1. Pairs of alpha-carbon atoms within less than 8 angstrom and 6+ residues apart define the contacts here; what relative contact order does segment 139-221 have, in percent?
2. Roughly what % of DSSP beta bridges within the chain run antiparallel, to the nearest 5?
3. Sorting check: for 172-178, 158-164, which peptide has the highest mean count of neighbouring beta carbons within 10 Å, and how do the rest follow?
4. Using alpha-carbon positions, what is the distance between the centroids of segment 14-79 and segment 182-221, in Å?
5. Give me the percent relative contact order of the chain, please, defined on Cα pairs under 8 angstrom at least 6 residues apart.
6. Calculate how large, on average over all directions, the projected area of the Cα convex hull of segment 10-220 is; give the answer in nm² to one decimal.
7. How much length is gained on full extension from residue 85 to residue 219, taking 0.36 nm per residue of separation minus their Cα-Cα distance?
8. In percent, how large is the relative contact order of segment 96-187, given Cα pairs closer than 8 Å and 6 or more residues apart?
């Protein structure tokens with residue numbers, strides 16, 4: 001893997017068409033510019049090589065595409081199964097995204113994601129499991145399991161500004177902030193209690209990053 005994202009296809013699921021993925025990733029580096037005033041903090045913390053489990057908070061549908069374009073690396077995100085229908089579903093599979101059932105991550109998507117990580121790739125996970133306030137009040141165990149099974153570092157990333165406030169009208173180019181945290185080492189414990197503890201560590205780290213970013217946005221006005 002190189003910094004510009006060049007790599008073999010082993011860092012993507014078997015359903016992916018690498019040239020299509022790379023074209024989509026290139027488009028993703030600029031598509032948001034007409035819609036958001038984007039500020040990225042800590043981009044230099046994104047590992048340039050090696051397996052990474054990216055964990056992020058989730059408050060708007062745009063969060064996934066936004067991070068996909070910002071990473072500057074190939075990545076396979078876990079995406080809800082409902083999106084994989086018709087042309088949209090074909091496109092998602094073609095760019096290497098992984099379908100998961102809402103509320104649970106089955107064996108098949110975990111096996112696919114594990115293959116990506118063992119190929120030195122990046123897997124994106126929204127551990128809250130569904131969109132909400134994005135404050136990471138709860139987290140599922142899939143991200144910690146993937147990091148433990150693959151030895152991948154865990155990269156916490158949080159977004160603020162993508163969610164339209166309740167009761168607010170349409171916004172013109174709202175400011176969106178993305179904060180990349182320090183990579184966390186892969187969990188090492190093998191038992192279920194260790195997995196629960198690792199999941200809580202990830203949740204706490206993400207929640208703390210959300211609070212830090214909220215403070216930054218408040219200070220900036």
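Rule-based calculations on the coordinates, nothing more; no lab input. Since this is a predicted model, take the numbers as computed values, not measurements. Note that each Cβ is placed from the backbone with ideal geometry, even for glycine, and that neighbours are counted across all protein chains shown.
1. Values: 90 pairs, mean separation 32.9, N = 83.
Worked out over segment 139-221, it gives 40 percent.
2. Values: 5 of 24 bridges.
The antiparallel proportion sits near 20 percent.
3. 158-164, 172-178
4. A separation of 20 Å, based on Cα centres.
5. This gives 28 percent for the chain.
6. If I average the Cα hull's projected area over directions, I get 11.4 nm².
7. Values: separation 134, 0.36 × 134 = 48.24 nm, distance 4.26 nm.
Result: 44.0 nm gained on full extension.
8. The value is 24 percent.
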